[in-house]
Structures are given as C-alpha cells and as structure tokens.
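One structure is given here, and the rest of the page talks about it.
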Amino acid sequence: MKLTPVILCGGFGSRLWPSSRLAFPKPCLTLTENELSLLQQTLIRIAHLNIEAPIIVCNQLHRFVIAQQLESLKEKYSYLNNARIMLEPSPRNTAPAIALAAFEALLKSDDKTLLVLPADHLIKWDKRFDQSILTAAQLAAQNNLVTFGITPTSPETGFGYIQTGSDYDVRAFIEKPNLLKAKEYLSDKDYLWNSGMFVFNAKQYLSELKIHQGAIYQACKDAFNGRTQDHDFIRIHEKALEKCPINSIDYAVMEKTQHAKVVPFYGDWKDLGNWEALYDHAPKDKNQNLLIGDVISKESHHCLIKSESRLVATLGVDNLVIVETPDAVLVMHKDKSQQMNALITHLKDSGRSEYLIQQANHNKTD
C-alpha cells in the first residue's frame, strides 16, 4: 500500500518569536544542530517509505519559502519532484486543511491512504517509527481513522492526551490537563500524548467529516472546486473558504467518529512548540545553558541564549530565554514560554510590524 503524505505547514509558531514571524513560520526555521529546517527534516524522514509525492498545505504568505526549501531537496529525494503545494488564503485549522488535501489526493484515484504529518515536529528516526506507520496503515485499510499516541516522558500540561483501550481502541480524548492530572497520566500506561499525526483513507475521512461537520465539508469542497493553478501552486478559492468554520481534526472528527484508533509510537518525539521545549531538547553546556550563535555567557545558568546578528553577552542571570534578531530582542523567564501568544497579540494590536516580518536594515540610518 502506497501512502500519500500530507504535510501541514499552516502554523505560524508564535511562541518562537522573534525567530518565527507570520511571514516566516516555525516549520521553516533551523532550530536544532541539524542544518535543515523542521519541514525539510519531516520530508527526509519519510523518504524511504513506500510513498507518493507529498501534498503540502501552507498559508499563501509562505509559498515562496516553502517552495525554496522543497526545491533544495529534489535532487537527492526524487519523490519530491511531483509535490503539490496547496495555498490556504487564511488558516482554518487542521480539519479543513486535511480535507483540502484529501480532495486533491482523490483526483488521481478514489482509493488513497493519507499519512498526515505536522511539519514542525522533531522525530529521531528509528525502526519503531516505520513499524507504527505500518500498523496504522493496516488499521486504516479497515476504514479506521488512526492517530498516533506518544508515550509520555514527563507530566506535560501543554499536550492533549488519549486514553487507550484494547485493540488500538480510543476510550477518550482529553484536554490539556493540570499538573496533578498530568502526573496521574504519566504513571498510567493507558494514557498517551496526542501527537497530531494520522493515517486514514482520504474518502473515509471526508465521509466522517461530512457526517460530523457538514459545514466544513461543504465549504472545503466548494473552495477546492474553485481552485486555480498558479505556476507550481494550487490556490484555494478565497471567498468559498471564508465560509468554512475554523476547527481542528480532533474536535471536528476524531472525538466524534466511531472509527477512531490509536497506535502507540515509542520513538524519540518532540514538539518544539516554544523556547522552553527547545531548551529541554537540546544539549547544554556545563552551566546548563543552550547557547546559539555569537554568545558570551558568564556566571549564567539554565538559560537559552540565541544570537542571530550580533554579540549577546550575559553576566549572572538564571533561567532566562534571550533571543536576538536584527530588529528585536526577547528577554523572558523560561517558565513563561507558554504565554508568548499574549505578547504577540499585544504587538499586533499595537500596530508593530515585527510580529509579521523581520525588518531589514532596522538599525541602519541614512
């Protein structure tokens, strides 16, 4: 069975500001010791599988950077040569994005199995990753909608959880818990982190979407039917998509369907959703600092310090995130990482363009 990868690139990644911007999103960032972006790592990770050319769904603002990063891999990874890039005029969350990709996949055949992957996860490949996908594909062949559950390694309050049953059954989807509940889930092997990765038949997904969220299904169908081809891009009809409710696949379909299954994934998985998550993942120096770029750190501990354009020096600070770009500097206590959206909202409401794009020549004068 060949799988059709659907790569979701619609997110901005606001909690990684100022490195990520609305016009340069998190999937396109290089955040690890690997010189490739998170998107490029996602594409390479699955290149050896029995797969077709991917369908990449992204915001139209990001079309050129996505295309450029894709192009740089084509010589080595031929499966990318016929990749399709679908442009959303406005983000509507994951349920509509996957629906649009499903309609596109079904143009070539009425029997397509989708492997849905967010472009901003960090996964260290090993054979268990392949085995999880194979098991999910077998379940999808029986008209199940399959998600992957990650074995918890800490009492994480930033993730949703899945309570599992026998035969890969889903007993419940659970909202992001408080710390006490998260500690309970960590000690119970029946609870897994909700990964946001899926395998299912495209037609089956659309059928379930039509049953449980008819407005999303119809708006996506109309928007897809009104699409246009713009060179290498597929432009989705803007007016039609504006009528589509904003909803995630979890709320719209997975929590309602009678055909949900969950396959445990035991590999090394990280969702680099904020600066603290990046700090936790990366190797640190003897003072437990993560230093990126031109940084001098003295008597400082447990910090993430990232420089993009000039020297950053610290003396006697602890547990901070400091991120410097040519036009902005973020200084934040590390445990405030989950609250970055409030700062981005303030920047936007204040009319500050720094939330949107990095300002060139910001420090130069005539």
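Let me have the 222 nm mean residue ellipticity of the chain computed from DSSP H runs of 4+ only, each contributing -39500 (n - 2.57), with the sum over all residues rounded to the nearest 500.
-7500 deg cm²/dmol
What's the exposure ranking of ARG63, ARG310, going from fewest to most Cβ atoms within 10 Å?
Working: ARG63 19, ARG310 12.
Result, fewest neighbours first: ARG310, ARG63.
Using Cα-Cα distances under 8 Å and only pairs 6 or more residues apart, what relative contact order does region 275-355 have, in percent?
About 20 percent, as a whole number.
If we count other beta carbons within 10 Å of each Cβ, what is the order of TYR79, TYR185, TYR266, TYR205, fewest first?
Going from least to most buried by this count: TYR266, TYR79, TYR185, TYR205.
Projected onto the charge dipole of the chain (+1 at Lys/Arg Cβ, -1 at Asp/Glu Cβ, origin at the Cα centre), which of MET86, LEU320, ILE162 gives the Cα projection farthest towards the positive end?
Going by the charge dipole, the pick is MET86.
Would you mind getting me the FRET efficiency between LYS183 and ASN143? Use the beta-carbon distance for r and R0 = 30 Å, nearest 0.05.
Calculated value: 0.25.
What is the extension gain from ASN50 to ILE357, computed as 0.36 nm multiplied by their sequence separation minus the C-alpha to C-alpha distance, in nm to one decimal?
Separation in residues times 0.36 nm, less the Cα-Cα distance, equals 106.7 nm.
Is the C-alpha gyration tensor of region 1-87 telling us rounded, prolate or oblate? Criteria: a/c under 1.5 is rounded; beyond that, a/b larger than b/c is prolate, otherwise oblate. Before the final figure, lay out the partial values.
Numbers: a/c = 1.99, a/b = 1.57, b/c = 1.27.
In terms of gyration-tensor shape, prolate.
Show me the ranking of peptides 278-289, 215-226 by mean Cβ neighbours inside 10 Å, starting with the highest. It would help to have the intermediate numbers written out before the result.
Details: 278-289: 14.5, 215-226: 18.9.
In descending order of packing, they fall as 215-226, 278-289.
Excluding LYS2 itself, what net charge comes from residues whose Cβ is under 15 Å from its Cβ, given Lys and Arg +1 and Asp and Glu -1?
Once all neighbours under 15 Å are counted, the net charge is -2.
Arranged by the count of other C-beta atoms within 10 angstrom, fewest first, what order do MET332, MET254, MET1, MET340 take?
By the 10 Å Cβ count, ascending, the order reads MET1, MET332, MET340, MET254.
If you take the square roots of the eigenvalues of the alpha-carbon gyration tensor of region 224-366 and sort them as a ≥ b ≥ c, do you get rounded (a/c under 1.5), prolate (a/b over b/c) or oblate?
Verdict is oblate for region 224-366.
Show me the ranking of peptides 21-27, 94-100 by mean Cβ neighbours inside 10 Å, starting with the highest.
The densest-packed peptide leads the list: 94-100, 21-27.
Run the simple label-point estimate for ASP335 and GLN288 please: 7 Å along Cα→C-beta, distance reported in nm.
1.2 nm
Say each of THR345 and GLU35 gets a label point 7 Å from the Cα, pointing the same way as Cα to Cβ; how far apart are those two points in nm?
4.1 nm
List the lysines whose Cα sits under 23 Å from the Cα of LYS210, skipping any in the same chain fewer than 8 residues away.
By straight Cα distance, LYS210 reaches LYS108, LYS112, LYS221, LYS239, LYS243, LYS256, LYS261.
Enumerate cysteines in the chain without a disulfide-compatible partner, where compatibility requires another Cys Cβ under 4.7 angstrom.
By the Cβ distance rule, which asks for a partner under 4.7 Å, the isolated cysteines are CYS28, CYS220, CYS244, CYS303.
With the cut-off at 1.5 for a/c, could you classify region 241-282 from its C-alpha gyration tensor as rounded, prolate or oblate?
oblate
What net charge is computed for the residues neighbouring PHE12, neighbours being all others with C-beta under 12 Å from the C-beta of PHE12, Lys and Arg scored +1, Asp and Glu -1? List each step's numbers first, then the result.
Values: positive: ARG15, ARG21, LYS26, LYS348; negative: ASP120.
Cβ neighbours under 12 Å give a net charge of +3.
Excluding same-chain residues fewer than 8 positions from LYS306, which lysines have a Cα within less than 26 Å of its Cα?
By straight Cα distance, LYS306 reaches LYS26, LYS124, LYS270, LYS284, LYS286, LYS298, LYS334, LYS336, LYS348, LYS364.
Just need the relative contact order of the chain here, percent rounded to a whole number, with Cα pairs under 8 Å and 6+ apart. Can you show the working numbers first?
Details: 749 pairs, mean separation 70.4, N = 366.
So the answer I get is 19 percent.
Once R0 is set to 22 Å, what does the formula 1/(1 + (r/R0)^6) return for the Cβ-Cβ distance between LYS127 and MET1, expressed as a FRET efficiency to the nearest 0.05?
It comes out at approximately 0.75.
So what's the net charge close to ASP222: Lys and Arg +1, Asp and Glu -1, counting the other residues with Cβ under 15 Å from its Cβ?
Within the 15 Å Cβ shell, the charges total +3.
Each reported figure results from applying straightforward, stated rules to the coordinates on display, with no laboratory input. Keep in mind that what you see is a predicted model, and the values were worked out from it rather than measured. Note that we place each Cβ from the backbone using ideal geometry, even for glycine, and neighbour counts take in every protein chain shown.
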